[in-house]
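A.B. asks: Before we start, here is the structure in question, set down as structure tokens.
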Amino acid sequence: TQFTPVRHPLPMLSLSNVFDAEEFGDFHRRCAEQLGLEHLEFVAEPKLDGLAISLIYEHGLLVRAATRGDGTTGEDVTANVRTIRAIPLRLRAAPALIEVRGEIYMDKRGFHAMNARQEAAGLKTFANPRNAAAGSLRQLDARITATRPLTMCCYGIGQFDDSARPATQWATLAFLRELGLRVSPESRVVSGVEQALAYYRELGARRAALGYEIDGIVYKV
């Protein structure tokens, strides 16, 4: 009748925002000063417009899925997540314990097809893919979630019990891919402010043609 609260082993922190090139330059300067470096490389990734999820795998098996919630405590949605075909129930050659973090969303094609089915059945349609994804994931009946065209893209690791944790964000994405998880093919390593801004302009020009909604770009040192 309700979702069980889940306390995250490591907080799921929110992102800081910049809104123009000058603010991004300030961000680069602050990071460089804190790290004692003159030049930084970033992994640039599209910020998918969905909802954050935490997946815990033990010995390769999916044992728990939780929403971000307030960043400290989320909701257990394991039964619903197990119905999403893009999320493997078993990982390939996985460590004893790994928490995978990513975004559950609905692509444009699936969203429009679902709304067409809703309308044909005389049911309420959804305003946008993000609301549709959130509403679909938080169904108390997992059989309803199973009928919704949800997918997932992974972007990070939280809790991890292996000493061979990837040393960089780019290596983390490669490692997640090796485990059998989906990561964004649009992700790229960029060097310095100019390349970072060039990626922003390039993806912005292609934004309308992407098969999913984005609400920004994430840069990780």
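A.B. asks: Hey, what do the phi angles of segment 49-60 turn into as Karplus ³J(HN,Hα) couplings, whole Hz, using 6.51/-1.76/1.60 and θ = phi - 60°, x for Gly and Pro?
C.D. replies: Per-residue couplings from phi come out as 8, x, 9, 6, 9, 10, 10, 10, 10, 10, 6, x Hz.
A.B. asks: In a Debye calculation with equal point scatterers on the alpha-carbon sites of segment 1-114 and no solvent, what is log10 I(q)/I(0) at q = 0.12, 0.16 Å⁻¹?
C.D. replies: -0.62, -0.93
A.B. asks: What does the helix-only formula give at 222 nm for the chain: each DSSP H stretch with n ≥ 4 adding -39500 (n - 2.57), the total divided by the residues, and the result rounded to the nearest 500 deg cm²/dmol?
C.D. replies: So the helix-based figure for the chain works out to -9500 deg cm²/dmol.
A.B. asks: Averaged per residue, what accessible surface does the chain expose to a 1.4 Å probe, in Å²?
C.D. replies: On a per-residue basis, the chain sits at 55 Å².
A.B. asks: Length gain on complete extension for the stretch T4 to A79, per 0.36 nm per residue less the alpha carbon to alpha carbon distance?
C.D. replies: Difference between extended and current length: 25.8 nm.
A.B. asks: Over the chain, what is the relative contact order in whole percent, taking alpha-carbon pairs under 8 Å and six or more residues apart?
C.D. replies: So the answer I get is 30 percent.
A.B. asks: Once you place label points 7 Å from the Cα toward the Cβ at D162 and V189, how far apart are they in nm?
C.D. replies: For the pair D162/V189, the computed spacing is 2.0 nm.
A.B. asks: Please calculate the 1.4 Å probe accessible area of L176, with all protein chains present, and give it to the nearest 10 Å².
C.D. replies: Taking all protein chains as shown, L176 has close to 0 Å².
A.B. asks: Let me ask something else. If you project the alpha carbons of segment 65-160 onto their three principal axes, what span does each projection cover, largest first, in Å?
C.D. replies: Reported extents, whole Å, longest axis first: 47, 29, 23.
A.B. asks: In segment 94-144, what trypsin sites (Lys or Arg not before Pro) fall in a loop by DSSP, with at most 13 other Cβ atoms inside 10 Å?
C.D. replies: Within segment 94-144, the qualifying trypsin sites (Lys or Arg not before Pro) (loop, at most 13 other Cβ atoms within 10 Å) are K124.
The values are calculated or read from the model by the stated rules, or taken from the named source; none is laboratory data. Keep in mind that this is a model prediction, so the values were computed, not measured. All Cβ positions, glycine included, derive from the backbone under ideal geometry; neighbour counts span all protein chains shown. Keep in mind that these areas ignore ligands, DNA and RNA; they rest on the heavy atoms of the full protein, side chains included. Shrake-Rupley method; radii C 1.70, N 1.55, O 1.52, S 1.80 Å.
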